[in-house]
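So the structure is just underneath, and the comments pick up after that.
The values are calculated or read from the model by the stated rules, or taken from the named source; none is laboratory data. The model shown is predicted, which means the values in this text are computed figures rather than measured ones. Glycine gets a Cβ as well: all are built from the backbone with ideal geometry, and neighbour counts include every protein chain shown. Only protein heavy atoms, including side chains, enter the accessible area calculation; ligands, DNA and RNA are left aside. Shrake-Rupley method; radii C 1.70, N 1.55, O 1.52, S 1.80 Å.
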Amino acid sequence: MSIRVEKVSTFHEFQEQVEDLIIQVPENSDYIIFPELLTIGLSAAFGEQDSSSVIRIDEYTNQYKDLFRSLSRKRKQVIIAGTHLERRENEYYNIAYIFDEDGSVVEHKKTHIFPAEANWHTSEGDELEVYSVGPVKIGIAVCYEAEIPEISRILSVNGADIIFCPSYTFTEAGFWRVRHCAHARAIENQVYFVHCPTVGEPGSPLPNGYGRASILSPCDSAWPANGIVAEAVMNEHTIITGTVDMYELYENRKSGAATTFKDRNRRKGMYAKYEPYEGLK
């Protein structure tokens, strides 16, 4: 989905927005993804918006979790509920939650905070996990994490077949940075990459959201030549759906025109001579 941020004064209004959207998603979809900082419109509930009102959306954490736990159970679908700013002890994290159809939940704390995001004093997570939720193994790369190649490489090596990317980009250039990097990650790791941005005008102190959702594949004969399985209209409040074939992905890794997933490991001995720091060895 490309979801337009709207100011809301109560959680009930936020819930109505979510329910109005999700009812448009086909019931046979395995996964539903919402964008980064999905709950940011709730900052308007605290009056004049400033950085303190942004982080106060943590006060809605329990209601947010209860809502998506209920929706995932009711719809029997996996829901990646965007991200939400949450306080843990004395720190705030930008957390992506994955709600399984049985109501269970796993989380991913964003590991690389975008410089502008640091104004909210958000801390960084330290874990990268692959989740066996739904029919395949999935990973999460939140916005700026798509621009860090090591993130997607670790996820794909550890079994991720689809990487979901909720994002919130403030400019056209910012959107294309994430989008181009997302497609590069799909090609170099031979995975599917689902990019879901926030759009709209949330108002001060938050920048406008810019982007369009897409489902991306490697660029090879099994898919459209440009590697775009489905794509939304720029800056529109839009729901897109697409079907991806896992068999084609696995075959592509074995015998595609460009077998980058395995070839990235084939010359590790050569790479080691040029690696600038210990972490890549």
Mean separation of Cα contacts under 8 Å (at least 6 apart) over the residue count of the range 163-243, i.e. the relative contact order in percent, is 27 percent
In whole Å, what are the Cα extents of the range 136-262 along the three principal axes, biggest one first?
50, 26, 24
Additional length obtainable on full extension of the chain from Q63 to V105, 0.36 nm per residue less Cα span
13.7 nm
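Output the relative contact order of the range 156-197, whole-number percent, from Cα pairs under 8 angstrom with separation of 6+ residues.
Reported relative contact order: 60 percent.
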PRE zone check, label point 7 Å out along Cα-to-Cβ of A173, amide N under 17 Å, scope the range 94-128, hits 114-117
Residues with amide H under 5 Å of V5's amide H, sequence separation 5 or more or different chain, H placed in the peptide plane at 1.01 Å from N; which?
V199, G200, E201
Mean separation of Cα contacts under 8 Å, 6 or more apart, over the residue count of the chain: relative contact order %
18 percent
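What number, rounded to the nearest 500 deg cm²/dmol, is the helix-based mean residue ellipticity at 222 nm of the chain, given -39500 (n - 2.57) per DSSP H run of at least four residues and division by all its residues?
-8500 deg cm²/dmol
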Distance between Cα centroids, the range 91-106 to the range 135-186: provide it in whole Å.
18 Å
When the chain is fully extended, how far beyond the present Cα-Cα distance does Y274 get from A118, taking 0.36 nm per residue of separation?
53.0 nm
Using only the Cα atoms of the range 53-164, build the gyration tensor, take square roots of its eigenvalues as a ≥ b ≥ c, and label the shape rounded, prolate or oblate: rounded if a/c is under 1.5, else prolate if a/b is larger than b/c, else oblate.
oblate
Mean-square fluctuation maximum in Gaussian network of the chain, Cα pairs under 10 Å, restricted to I95, I138, I148, hits I148
Tensor-based shape of the range 31-119 (alpha-carbon gyration tensor, a/c under 1.5 rounded, otherwise prolate or oblate)
prolate
Of the accessible area of the chain, with the probe set at 1.4 angstrom, what percent is carbon plus sulfur?
47 percent
Say we join alpha carbon atoms closer than 10 Å with springs in a Gaussian network model of the chain; which of R267, R87, R177 then has the biggest fluctuation?
R267
Taking amide hydrogens as modeled 1.01 Å from N in the peptide plane, which residues meet the under 5 Å criterion relative to A230, leaving out close sequence neighbours?
I215
Plugging the Cβ-Cβ distance of S70 and S29 into 1/(1 + (r/R0)^6) at R0 = 25 Å yields, to the nearest 0.05, a FRET efficiency of 0.90
I need the phi-derived Karplus couplings for the range 126-135: 6.51 cos²θ - 1.76 cosθ + 1.60, θ = phi - 60°, integer Hz, Gly and Pro marked x.
10, 10, 10, 10, 9, 10, 8, 10, x, x
With a point put 7 Å past each Cα toward its Cβ, work out how far T243 is from I228 in nm, to one decimal.
2.2 nm
log10 I(q)/I(0), Debye, Cα-only the chain, no solvent, q = 0.08, 0.12, 0.13, 0.15 Å⁻¹?
-0.32, -0.72, -0.85, -1.12
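Using packing as a proxy for protection, rank 32-45, 156-169 so that the peptide with the highest average count of other Cβ atoms within 10 Å comes first.
32-45, 156-169
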So what's the projected area for the range 201-259, the Cα convex hull averaged over all directions, in nm²?
5.4 nm²
Backbone N under 12 Å from the K254 label point (7 Å along Cα→Cβ), restricted to the range 180-213
none
In straight Cα distance, which lysines are under 27 Å from K74, not counting same-chain residues fewer than 8 positions off?
K7, K65, K109, K137
E19-R56 pseudo-label distance in nm [points 7 Å out on the Cα-to-Cβ vector]:
2.6 nm
At R87 and D126, where each label point lies 7 Å from the Cα along Cα→Cβ, what is the point-to-point distance in nanometres?
2.3 nm
